[in-house]
Amino acid sequence: MKVYLAGPDVFRTDSVTHGTMLKQLCESAGLTGLYPLDNCIPDGLEGAEAAAWICQQNMAMIAEADAVIANLSPFRGHEPDSGTVFEVGVAVALGKPVFAYFDDHSPMREQIPTDTSGRCEDGLFVEDFDLPKNLMLACQWAGASATAVQAIQMASNALIPTITARIAPMSKKQTLVCPTDSRYRIELDASEIYPDDPGNGTPAMVYGPKGASGTYECVLDNGEMDSHSGAVEVPPSVQRWLDDMFDHVSDFLDDPDNQPEAKASSGPRMG
């Protein structure tokens, strides 16, 4: 699986060495990294012609990649590099997952100094959606982490189909961690299967941040989890993962080895 390595890293003084390091990290995670500086500008191209050539090559790399890993760290100010943001938009438009990384995951209102009305020093409102980046980025990426290492591993977990949870033999208890957001997990427990009274047990539970939880079936159907502060909406990337895990959860619940002596009628039982 190929991933395009987007970011302002190409402007570093050690850009080539840094790109080699990123590609090595990808290789160790079972991925092939595509770095913009892998392409060499042909002799004789300068100025606008060289820029157009670079643009075309980067666009071709994004089209070739299965996903994009994007460095969205602040660049020359509070916001990410504009070229990287454009490439993220291209990837999303092409239906390719984007895995972002940047240091500060606090809400934008905490990152950018504002007055009492929420305006920055330029007199413009700063978004107040409790998101670390502009909503057009934060609502579209498949996952976000603090470092390139974490983003690459997240991409590997999501892209490579032979994840342990899917190929491991069935066991009486399983924990399935969401590859795009490790705060969410599915807990499967065969001891909670009651064929004669399915509503009595909770063999498939989903857990999230800040104590949020819910049965797999309810979270899958409603896209929400219960918490001490009320209903918590499940992020779109996590919801997609829950959908993807349906067959695995159903197989676990229907596995004859996980059934007590009194067996219920066939069909998935989600608790």
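For first residues located in region 26-49 and over 15 Å from residue 156 (Cβ atoms), partners that are part of a helix (DSSP H, G or I) and β-branched (Val, Ile, Thr) and lie 6+ apart or on another chain with Cβ distances below 6 Å form the pairs 36/10; 37/10; 37/16. Considering region 100-154, and only residues there that are among the hydrophobic types (A, V, I, L, M, F, W, C), assigned to a strand (DSSP E or B) and under 16 Å from residue 179 (Cβ atoms), the residue that is modelled with the highest pLDDT turns out to be 100.
Criterion first (of a type in the set (Asp, Glu), in a helix (DSSP H, G or I), over 27 Å from residue 149 (Cβ atoms) and at pLDDT 75 or above) does residue 257 satisfy it?
It is false that residue 257 is of a type in the set (Asp, Glu), in a helix (DSSP H, G or I), over 27 Å from residue 149 (Cβ atoms) and at pLDDT 75 or above.
Return yes or no: is residue 98 under 30 Å from residue 5 (Cβ atoms) and touching a Lys or Arg at 6+ places or on another chain (Cβ under 6 Å)?
no
Among residues of region 96-107 that are more than 15 Å from residue 156 (Cβ to Cβ), those with a beta-carbon under 6 Å from a residue that is of a type in the set (D, E, K, R) and part of a loop (DSSP other than H, G, I, E, B) at least six positions away or on a different chain give the pairs 107/130. Looking only at region 229-254, residues that are free of Cβ contacts under 8 Å to residues at least 40 places away in the same chain and among the hydrophobic types (A, V, I, L, M, F, W, C) come to 3 in all. When region 57-88 is filtered for residues that are in contact (Cβ under 8 Å) with a residue 24 or more places away in the chain and assigned to a helix (DSSP H, G or I), the ones remaining, listed by number, are 58, 59, 61, 62, 63, 64, 83, 84, 85, 87, 88. Within region 44-65, the set of residues being surrounded by 14 or more Cβ atoms within 10 Å (Cβ to Cβ) and more than 19 Å from residue 99 (Cα to Cα) comprises 53, 54, 57.
Going by the conditions given, is residue 60 within 21 Å of residue 153 (Cβ to Cβ) and under 26 Å from the mean Cα position of the chain (by Cα)?
Considered against the rule, which asks whether it is within 21 Å of residue 153 (Cβ to Cβ) and under 26 Å from the mean Cα position of the chain (by Cα), residue 60 comes out as no.
The values are calculated or read from the model by the stated rules, or taken from the named source; none is laboratory data. Since the model is a prediction, treat every value here as computed from it, not as a measurement. Every residue, glycine among them, receives a Cβ derived from its backbone with ideal geometry; neighbour counts consider all protein chains shown.
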